[in-house]
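Some notes on the structure that comes next.
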Amino acid sequence: GLSCIGIEEVKNKKNIISSKSFGKKVSRVQELEEAVSNYTARACEKLRQQNSRAQGLYVFLRTSPHIERDKQYSNGMSTHFSIPTSNTSKIIKEAKRLTNKLFLPGYEYQKIGVMLLNISDAKNHINKKGSILIEPFFYVL
């Protein structure tokens, strides 16, 4: 038969988010760092699958908004990369740094997440002088 529906081109995402609620309350910064590292790695996989780079990162965390007897806290922070990147270790390092800035002791957190911001095609990174911006790569031998 003939297809009645046209095939649409799938466009790359402008932002990629990765977050989940915890199965239990989390109160230690080390547990938050582990979670944010995992979510950042997932977001970076999606970023590279679409052959893109991110120019920024947003990290957020919160306590449960549904348990009124617990202390409530919700906050987020963002950072900007001078050269757009898809380097997982670089992005994880920044996500952990933001997590530590956001963390307040004495709260039981329910959710943390990351959003890769201002995503663009990896081959479209040219500076004002017309030179192609290439992110430095380091190899361990």
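The values are calculated or read from the model by the stated rules, or taken from the named source; none is laboratory data. Please read all numbers here as calculations on a predicted model, not as lab measurements. A quick note on method: Cβ atoms are made from the backbone with ideal geometry, for glycine too, and the neighbour counts reach across all protein chains shown.
Per-residue answers, yes or no, for (1) modelled with pLDDT under 95; (2) loosely packed, with under 12 Cβ neighbours inside 10 Å; (3) part of a helix (DSSP H, G or I):
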| position | (1), (2), (3) |
| --- | --- |
| LYS11 | yes, yes, no |
| PHE22 | yes, no, no |
| LEU47 | no, no, yes |
| TYR58 | no, no, no |
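Does region 61-79 contain any residue that is among the acidic types (Asp, Glu) and within 29 Å of LYS11 (Cα to Cα)? No, every residue in region 61-79 fails to be among the acidic types (Asp, Glu) and within 29 Å of LYS11 (Cα to Cα).
The one condition from (1) in contact (Cβ under 8 Å) with a residue 24 or more places away in the chain; (2) more than 16 Å from ALA122 (Cβ to Cβ) that ARG53 does not meet is (2). Beta carbons closer than 6 Å, at least 6 apart along the sequence or on distinct chains, pair a first residue in region 22-36 that is closer than 17 Å to GLY106 by Cα with a second that is among the hydroxyl-bearing types (Ser, Thr, Tyr) for VAL26/TYR109; LEU32/THR99; GLU33/THR99.
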